[in-house]
Every structure is written in structure tokens, then in C-alpha cells.
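Inspection log for the structure reproduced underneath, given as C-alpha cells.
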Amino acid sequence: MEDQASPGKILVTGALGQIGSELVAALRERGGADRVIASDIRMERADREGPFEYVDATDVHQLRDVVRKHEITAIYHLAALLSATAEEKPHVAWQVNMDGLYRVLEVARAYGCSVFFPSSIGAFGADTPRQQTPQDTIQRPTTMYGVTKVAGELLCDYYYQRFGVDTRGVRFPGLISYVAPPGGGTTDYAVEIFHAAVRHGRYTCFLRPDARLDMMYMPDAVRAIIEVMAANPSRLRHRNAFNITAMSFTPEELAAEIRVHIPEFTIDYQIDPVRQAIADSWPESLDDSAAREEWDWSPQYDLPALVRDMLENLSSRNNHAESNLQTAAGAKP
Ligand code: NAD
Ligand code: AKB
């Protein structure tokens, strides 16, 4: 598929996070390593397979310099604080999530870049219908994360309508992946549980056993980003904040599916009231019909496929690490 929305060079902000770690690799595989500039305020994995720049997304000068230097035509703006961290540090969350997006949009406006902005199920609140949450519905979130996501959706629409900036985006559910750890969200349990199952055969969950939330496996999420950015603009009625979904489950349902592969796996619960309250205000499942109609969105992974793939990848990574340890121990004098 041709990248109609971004035929030139791409800048990814927050590229060392959970999504960026896989998105950058996927974009580089499609368009070549030199075409994708990864950036972050962390530097620990900066020397990997392509260009990397230190960019604080709240600093308009750094953003502008890197866009000019690399002749960037599309910005995939992933830098943000996630829901649980944002509740701990609401002022920082406002600064990173809102000021960062505003500056990205301003630089995009000045240099003619398109912009991808990821919203979240966190953009909804307790007044929103929780099952099959419609594309266009009431949005009164009660978290700082949610406030920044709704405002971000509106700001992206505004920059398209007012200035013609080609902004596009989706509302992600909780994302599950094995490549990079999640960054302080309410849905992080659904990643932690796999690592704990493979390493220890047990997990203590911070959400209630019946806390149902909308979820997605990372390969589907990365494909969604690439597809919405490549979508034919004449078909788009919504540009930003498309509901997308793949599955919906509770911690006890996820544990049961893990037990299909690891029968001795056990789960217990120590509820974190802050994250439980956030989860209680989020949709259990989304209606993604607008994304299906406007750019042919369709997920590939359901719960059994996700669990099988996560466990296969984490087990082989675990076995590899253990055999490296044994080799190192054997090599000692
Ligand atoms: P993450 O926390 O794993 O990564 C965010 C990255 O941003 C980190 O590497 C961090 O170092 C970087 N960062 C923080 N402040 C920065 C700044 N000022 N300038 C530049 N970089 C900065 O997050 P993620 O899971 O990769 O999420 C990326 C985006 O997708 C966020 O906007 C998030 O809200 C959204 N999203 C994620 C999920 C999910 O489940 N992972 C779900 C819905 C939406
Ligand atoms: C979080 O839990 O904060 C994220 C999200 C769903 O936005 N995973």
C-alpha cells in the first residue's frame, strides 16, 4: 500500500515507547530506515537501526529544527503521559500532552506536514455508553489523561478545518505487546500478566476480576496507524479519533485463556482504587463501524490468537535469556 499521506520523511515523537518501538520498525520496513527519524527524550536505545534525534515535543525550537534538518513531511506524534502517570502528575500531563500536541500542530502548519495523533478509550467518561460506545457520543472524561485526549481530538480537527493541516488519528483501546513495556497506563495489567505467567506462573492484578475493557494486539494497532495515514482522504468523513477495536475481555477471562497454554497459572487480586476508578469510567467495547466504512479497518487478532502469539514470543525470549545466562555461567573460570 502506498503511503499517500506521507510520501516523504517521517518524524516519530516518543519513539522509544510501547507503540513507537514497533511503529518505527514497521515504517522503516516499508519505506527504508533513512526515511523514518525516531525521536524521544530518552536516549537509552537511540543507537538502533536508523536515524535518531533527541526531541522534547514541548520544545518548539527542537521540533522545528529537526523538521527542517530532515525535510519532514509527516509527524507521528506519540509523546505523552499515559492515564495512571497523568493522574499522579496532572500538571506535567497537561504540559506534555497538550503543549506538545499544540507545538507539533504549529510546526506541521508552518512546514506543511501531516500529523498522526493517537487518542484513547480514555477520551470517554462515566456518562458515555459503555457497551459498543458510538463513534460520536458524549465525552466527559474525569481524568487529566482523558481531558487532554478530548482536547487533542478537537485541536486536530480544528487544525484541519482552519489551516488545512492533514491531521488523522484513532482512539486506541488498551494495547498489548511483548517488545517494549507499557508506560504507566490503566490497561498495563494485560501486558504484565504475560510476563508474570511466563516467568513465575502467577500474577497479582491491580484491577477487579470483572473489569471489562476494550483491547488490541500491537500488530493490529501499528497496521491501523499506517492504514489511516494512507487512507484516501475523499472517503474520510471523520479524520481524527476513529474508534477502533479488536476484542473486549476481563482479567479473569484473560487468565482463563492463558491457562489454556499454562494450566498451572494462577491469578490473585490487589485492587488499586485509582486505576480501578479510571477503568470503571472507560468503555467496555467500542463501535468501530466508522473506521470500517471510511478506510476498511478490520482487526486480525482475537483473544485466543493474541494469547498464543504473546506466550510464544515471550517464552522463546525467556528461553533465549536463560540459555545465555547458562552459557555465561559455564564460561566463568
Ligand atoms: P509510552 O509511555 O510507552 O511512550 C511514550 C514515550 O514518550 C516515552 O518513550 C517517553 O520517553 C516519551 N516522552 C515523554 N515525554 C516526552 C516529551 N516531552 N517529548 C518527547 N518524548 C516524550 O506510550 P505509548 O504506549 O507508546 O503511547 C503512545 C501514544 O499512544 C500516547 O499518546 C498514548 O496516549 C497513546 N495511546 C496508547 C495506548 C496504549 O495502550 N499503549 C492506548 C491508547 C492511546
Ligand atoms: C492507558 O491505560 O492509559 C492506555 C490507554 C488505553 O490509553 N493504555
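The values are calculated or read from the model by the stated rules, or taken from the named source; none is laboratory data. Fair warning: this is a prediction, and the values are worked out from it, not measured in the lab. Because the Cβ atoms are built from the backbone with ideal geometry, glycine has one as well, and the counts that use them run over all protein chains shown.
Quick notes on this structure:
- Annotation: L101 fulfils all but one of (1) part of a helix (DSSP H, G or I); (2) near ligand 1 (Cβ under 10 Å from one of its atoms); (3) surrounded by fewer than 24 Cβ atoms within 10 Å (Cβ to Cβ); the unmet one is (3).
- Scan of segment 14-32 for residues that are crowded, with 16+ Cβ neighbours inside 10 Å and free of Cβ contacts under 8 Å to residues at least 40 places away in the same chain, ordered by number: V24, A25, R28, G31
- For segment 239-274, a residue qualifies if it is under 16 Å from P209 (Cα atoms) and polar (S, T, N, Q), and the qualifying residues are S248, T250, T266, Q270.
- So V36, is it touching a residue at least 12 places away in the same chain (Cβ under 8 Å), under 26 Å from Y217 (Cα atoms) and within 16 Å of the chain's Cα centre (by Cα): no
- V307 more than 16 Å from ligand 2 (Cβ to nearest atom), surrounded by 22 or more Cβ atoms within 10 Å (Cβ to Cβ) and assigned to a helix (DSSP H, G or I): yes
- For segment 191-227, the set of residues classified as small (G, A, S) and buried (at least 23 other Cβ atoms within 10 Å of the Cβ) consists of A197, A211, A221, A224, listed by residue number.
- Unmet criterion (only one of (1) over 25 Å from T13 (Cα atoms); (2) in contact with a Leu (Cβ under 6 Å, 6 or more places away or on another chain); (3) assigned by TED's automatic domain parsing to the domain that holds T73; (4) more than 15 Å from ligand 1 (Cβ to nearest atom)) for D136: (2)
- Pick from segment 266-294, criterion touching a residue at least 40 places away in the same chain (Cβ under 8 Å) and among the aliphatic types (A, V, I, L, M), ranking: nearest to R199 (Cα to Cα): I267
- Of the criteria (1) within 12 Å of ligand 1 (Cβ to nearest atom); (2) over 20 Å from E22 (Cβ atoms); (3) in contact with a Lys or Arg (Cβ under 7 Å, 6 or more places away or on another chain); (4) not acidic (D, E), which one F163 fails: (1)
- Wholly enclosed helices (runs of 4 or more DSSP H) of segment 155-261 bearing at least 2 residues within 13 Å of ligand 2 (Cβ to nearest atom) and within 19 Å of Y76 (Cα to Cα): 218-230
- Check on A86, hydrophobic (A, V, I, L, M, F, W, C), within 20 Å of the chain's Cα centre (by Cα) and not in a helix (DSSP H, G or I): no
- Segment 229-268: number of residues that are in contact with a strand residue (DSSP E or B) (Cβ under 6 Å, 6 or more places away or on another chain) and crowded, with 16+ Cβ neighbours inside 10 Å: 14
- Pairs where the first residue, in segment 168-187, is within 24 Å of D136 (Cβ to Cβ) and touching a residue at least 40 places away in the same chain (Cβ under 8 Å) and the second is near ligand 1 (Cβ under 8 Å from one of its atoms) and assigned to a loop (DSSP other than H, G, I, E, B), C-beta under 6 Å, 6+ apart: G174/T187
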